[in-house]
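The values are calculated or read from the model by the stated rules, or taken from the named source; none is laboratory data. These figures come from a predicted structure and were not determined experimentally. Heads up, the Cβs are rebuilt from the backbone with ideal geometry, glycines too, and the neighbour counts pull from every protein chain shown. Side chains are part of the model used for accessible areas, which takes the heavy atoms of the whole protein and leaves out ligands, DNA and RNA. Shrake-Rupley method; radii C 1.70, N 1.55, O 1.52, S 1.80 Å.
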Amino acid sequence: MATKKKINEHLKIALEEIGQIEPWFDNDYKTWTFNHSLYPVEYSGDTKEEVIKNYPLYLQDFIEERLKDNLSAITEKKTKGHGGRRIGSGRPLGTTKEPTKRISLPADIADWIIMPDTISHLRALGIPKK
């Protein structure tokens, strides 16, 4: 059960973690806004003073819902930050890729080079490597 005393204790801790509330002006919405990375609470208002006054009230509501366990799992979920990385994706360790170089050639020569077996024939000519 979330009592007023417990909510106020958690609010005090949260405000210490956040530090000074310094709103910034959001040009897209023409309002003053404040949020913090530690808590998924945001408040926007017409003036800095309004945001500084009302942000703790919204934070208090969030803390109360957290203590009552009324938040969805996604709200409290922390990700590892790998994005699209998956186990086993990408080139296997220890394998190498043949180095390539991009050049511009006339179209008729480029069409000739991409024909099957042309690259192996060019290598057979013994072109010196740098």
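Show me the ranking of peptides 100-107, 8-15, 21-28, 54-61 by mean Cβ neighbours inside 10 Å, starting with the highest.
Per-residue Cβ counts within 10 Å, averaged per peptide and sorted highest first, yield 54-61, 8-15, 21-28, 100-107.
Would you mind checking the pairs 30/53; 4/48; 30/68; 4/53; 48/68; 12/68 and listing those with alpha carbons more than 23 angstrom apart?
4/48; 30/68; 48/68
So how much slack lies between residue 124 and residue 74, counting 0.36 nm per residue of separation and subtracting their Cα-Cα distance, in nm?
Full-extension gain reported as 12.0 nm.
Can you compute the modelled spin-label distance between residue 33 and residue 17, with each label point 7 Å from Cα toward Cβ, in nm?
2.2 nm
Kindly provide the pair-distance distribution of the chain built from C-alpha pairs, with 10 Å bins from 0 and whole-percent values in order of increasing distance.
With 10 Å bins starting at 0, P(r) equals 9, 22, 17, 10, 9, 12, 13, 7, 1.
Order the following by accessible area, largest value first: 74, 63. Probe radius 1.4 Å; ligands, DNA and RNA are ignored.
The ranking, largest first, comes out as 74, 63.
So what's the back-of-envelope 222 nm ellipticity for the chain, counting only DSSP H runs of four-plus at -39500 (n - 2.57) apiece and dividing by all residues, rounded to 500?
Value at 222 nm, helices only: -12000 deg cm²/dmol.
In Å², what does the accessible area per residue of segment 1-77 work out to with a 1.4 Å probe?
73 Å²
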